[in-house]
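**Q** Here you go, one structure.
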Amino acid sequence: MNEPIDSATTTTSPESQRCGLVAIVGKPNVGKSTLLNALVGQKISITSRKAQTTRHRITGMRTLGATQFVFVDTPGFQTLHANALNRSLNKTVVGAVSDVDLILFVVEAGSFTAADERVLRLLGTGIPTVLIANKLDHVHRRADIAPWLQDMQKKHAFAEFVPMSAKNPKDVERLFGICEKYLPEQAWWYDEDELTDRSEQFLASEMVREKLFRLTGDELPYTSTVVIDKFTEEPPARKGQKRLVKIAATIVVEREGHKAMVIGDKGERIKRIGTETRQELEKLMDAKVFIELWVKVRSGWADDEARVRSFGYE
């Protein structure tokens, strides 16, 4: 589809509307959350170089013209550790691909690993699946992609192949045109200006977790999590001011050493996590945000089914 999509939407009659579910699946760290954010047009899913950042099924919506795309970003399918947390995450992936209109299977362009193969095995043949060869901008020799795509054709009956970069607006725009024809003709499920079905409280916990991983690098185990203890909002004190959102959150880590790492020298790291989270949430929520962060040690929580559930995992 070469014509640019006009993002200015107009209300259409239900008879002419299209709407459907599109699952975004793949192994950890192939760019699924970056792709979701690009498709929605705003950041609703956190991104990090650390594998396995996304832990929940996150739905993002985008309405263009007469079509409403409902995208589902899933955790990367985990095979390394069979703890309670990973069993919960994998259950989320399997659930997401069973009842959608289209699957976007995301891999890195030119690469196909054993981990990719394990995710591919989850996908049946009953739902159209588009192969997204992401991170095309990282491929130095484009000529190498053609034989790779031929090889990929033998692995699964893909409906289409889309080499692209989730960071390239033109590639994302083209993807809408490809997805649209797979969605059924039916009335929209959401208002046309809605972007996600997740609450602001959920987005706040995810944003803290993103900054946590980005600012601690590979030192902190991915099992660290964030729990929102308090989330309140106050209306603007006077006309022209923004509402005030107050958040208290606890960062849960496995060991005392991890706690010291998160707090940092003289509390500098946790202060920076709080500041960067506040700045991002103020943009996202269009509000004045006050955030307070604490760190607690809960050894072995990722192996404890009850605690995994109490921290908000399915």
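The values are calculated or read from the model by the stated rules, or taken from the named source; none is laboratory data. These figures come from a predicted structure and were not determined experimentally. So basically every Cβ, Gly included, is an ideal-geometry build from the backbone, and we count neighbours across all protein chains shown. Quick note on the areas: whole protein, heavy atoms, side chains included, nothing else; ligands and nucleic acids left out. Shrake-Rupley method; radii C 1.70, N 1.55, O 1.52, S 1.80 Å.
**Q** Which FRET efficiency value, to the nearest 0.05, is calculated for Trp189 and Glu117 with the Förster distance at 30 angstrom and r the Cβ-Cβ distance?
**A** 0.35
**Q** Ignoring ligands, DNA and RNA, what accessible area per residue does region 206-268 give at 1.4 Å, in Å²?
**A** 52 Å²
**Q** Can you find, among Val227, Leu183, Leu212, the residue sitting farthest towards the positive end of the charge dipole of region 156-228, where Lys and Arg contribute +1 and Asp and Glu -1 at Cβ?
**A** Going by the charge dipole, the pick is Leu212.
**Q** With the calculation restricted to Cα positions, what are the radius of gyration and Dmax of region 122-220 in angstrom?
**A** 18.2, 48
**Q** So, by mean Cβ neighbours within 10 angstrom, what's the order for 31-43, 228-240 with the highest one leading?
**A** 31-43, 228-240
**Q** Follow-up question, since we're still on this one. Taking Lys242 as the anchor, which lysines have their alpha carbon closer than 22 Å to its alpha carbon, excluding any fewer than eight residues away along the same chain?
**A** Of all the lysines, those that pass the test against Lys242 - Cα under 22 Å, at least 8 places apart if same chain - are Lys43, Lys230, Lys283, Lys288.
**Q** Same structure, new question: Obtain the nm distance between the two label points defined at Lys230 and Val297 by a simple spin-label model: each point lies 7 Å from its Cα along the Cα-to-C-beta direction.
**A** Once both label points are built, they end up 2.6 nm from each other.
**Q** Return the ratio Rg/(2.2 N^0.38 Å) for region 142-193, where Rg is computed over Cα atoms only.
**A** For region 142-193, the normalised Cα radius of gyration comes out at 1.52.
**Q** Next question, about the same structure. Once the Cα gyration tensor of region 168-215 is found, what semi-axes does its equivalent ellipsoid get, as square roots of 5 times the eigenvalues, in whole Å, sorted largest first?
**A** 29, 19, 8
**Q** What are the lysines whose alpha-carbon lies under 22 Å from the alpha-carbon of Lys154, with same-chain residues fewer than 8 places away excluded?
**A** By straight Cα distance, Lys154 reaches Lys27, Lys135.
**Q** How would you classify region 166-292 from its alpha-carbon gyration tensor, with a ≥ b ≥ c the square roots of the eigenvalues: rounded for a/c under 1.5, else prolate if a/b is greater than b/c, otherwise oblate?
**A** Here region 166-292 falls in the oblate category.
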